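Heads up, the thing below is written out as structure tokens.
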Ligand code: ISL
Ligand code: CA
């Protein structure tokens, strides 16, 4: 049935036929430990939405059902049919490396990484096999959220350098045959941005409508939405007698994309950077830009389930696709300009609506569901079960036919090190890091490495809150303190999830090598043992494993464009093939910390790489890659 005909009387199977409905149902199924195929059971499929509250003992309420129906009605029905042809593109063949500029390389001893520092390390990246660099924000910013709070879209933050340095970096990359992807933060600006300042000073300013201002009283926020960084999503501005919306920190004010002039400003700004030679963009929380008009209150049950209230009104807003199509047509109107959306909360079906080749929107998205086991959040301290990763990627590789392309990543600046989540024990670090790299370079999709991942960098042994710099961590600690949680428990939670694990300086050598001064944030000293210099040339190292797999991927069409064929295997083993024409690879991964039996591949397979013994059973976390001798 078409989405507009969905009501509370609709049945689960109608919901399951709808892209958003199916993503919600499947993720609920995963959360409660059921197979996503559970909804195809005819009995389950026949259940009417209106009976769900009764059936679930009111754990799902009427308002939840209404919110789900309303959301589905905003989403285009049909996901494009599979069978779209494969389109080749540089970014599908590329290995992307994310740089966190503040922590990569300092060039002038002030303890803060900068553009000249990055320039001095380009030969290293080239030698690793990197094709494109994604730079986290380098724009002018008061750095409340480390640059994701932009004060001026057309200026470089002084501590990072100048526009001339930026041009030199672009030239340096291009000379070496590498490309540059910029971070584009357009869901919000800093409260110090000129637009916001003018809007604040004058209610009649044309900029007032660039944001979500609501006049009112200081004791009654306009709605119950909460911020991702704790507390209400509304900040009171006494001088204006008004509230303004911020989904992130109280200095990150949400932009109102309903305003056409704002959209034009953004298009022009993107074009301005493209003229400077930028090859693509990573679009920060881009699925949040369209909010339900009127900003209605969030459903409290959904809020409890996902931890943030109001999200159903903006994670896939009514005009999202329209805005993205405009950006594609006016700002990224070149198929070589890659547009990668960061889209928290988007599942595989909804993802297809964003990245389908027939859609004219984005090229790829970053989702995060694979980073935590179902029922867990980033702030839980637990051992990640790789069996979930296998199920998750097996499903996505199958769901995405030739007309869609996925990103493959484990680490970034918003998450602790994945290697530590899988197994924090130092004796397993190298094997797990190689296993994860193998997944990234042999599955179908574009691998994104985050600085330090290539040496197997692990979480940091922070011991006190004072060592952390991230606004999210400090806000969370304050919130937990206010609600009476004991300090030791607070620190344990913050330590499990803090984004600062990946924001400490890049470990270049045993002395650090990041700065001659005092770094703006200090690591725990692990750089003495885990660093680039120590691993360079050591064929058993994590670094050389990355180099070898990147080279292997580059030499093979099957590893880039080939189909993914998942083979039957025991629960603790993940086994798949990649095939294009006569060329074929076989990958086997031990997902556990124990030796695992392995069905030996047939005589036509030649071992290409092994992170363990390479014969007999798989060692803990061992990864093996074979090439078919027929190919
Ligand atoms: O940390 C989160 C919520 O607890 C994540 O949802 C994260 O904030 C989300 O992935 C959005 O991240 C991006 O936008 C933020 C910024 O702080 C992150 O660094 C950025 O990657 C706001 O701009
Ligand atoms: Ca510096």
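Things worth noting here:
- Criterion applied to 440, 460 was being in contact with a helix residue (DSSP H, G or I) (Cβ under 9 Å, 6 or more places away or on another chain), part of a helix (DSSP H, G or I) and in contact (Cβ under 8 Å) with a residue 24 or more places away in the chain, and the one residue passing it is 440.
- When residue 82 is tested against the conditions (1) within 16 Å of ligand 1 (Cβ to nearest atom); (2) modelled with pLDDT under 85, the lone failure is (1).
- Here residue 118 clears all of (1) under 21 Å from the mean Cα position of the chain (by Cα); (2) crowded, with 24+ Cβ neighbours inside 10 Å; (3) within 25 Å of residue 468 (Cα to Cα) except the condition numbered (1).
- Residue 341 out of contact with any strand residue (DSSP E or B) (no Cβ under 9 Å at 6 or more places or on another chain), crowded, with 18+ Cβ neighbours inside 10 Å, under 21 Å from residue 19 (Cβ atoms) and in contact (Cβ under 8 Å) with a residue 24 or more places away in the chain: no
- Segment 106-120, subset over 17 Å from residue 146 (Cα atoms) and in a loop (DSSP other than H, G, I, E, B), residue farthest from ligand 2 (Cβ to nearest atom): 120
- Within segment 84-105, the set of residues being under 20 Å from residue 183 (Cα atoms) and in a helix (DSSP H, G or I) comprises 90, 91, 92, 101, 102, 103.
- Lone unmet requirement of (1) without any contact (Cβ under 8 Å) to a residue 60 or more places away in the chain; (2) closer than 30 Å to residue 409 by Cβ for residue 95: (1)
- For segment 603-613, a residue qualifies if it is closer than 20 Å to residue 429 by Cβ and surrounded by fewer than 17 Cβ atoms within 10 Å (Cβ to Cβ), and exactly one does: 613.
- Among the residues making up segment 351-367, those that are in contact with a strand residue (DSSP E or B) (Cβ under 9 Å, 6 or more places away or on another chain) and either assigned to a helix (DSSP H, G or I) or within 16 Å of ligand 1 (Cβ to nearest atom) (or both) are 351, 354, 355, 362, 364, 365, 366, 367.
The values are calculated or read from the model by the stated rules, or taken from the named source; none is laboratory data. Bear in mind the structure is a predicted one, so any value in this text is a computation, not a measurement. Ideal geometry is used to build each Cβ from the backbone, glycine not excepted, and the neighbour counts take in all protein chains shown.
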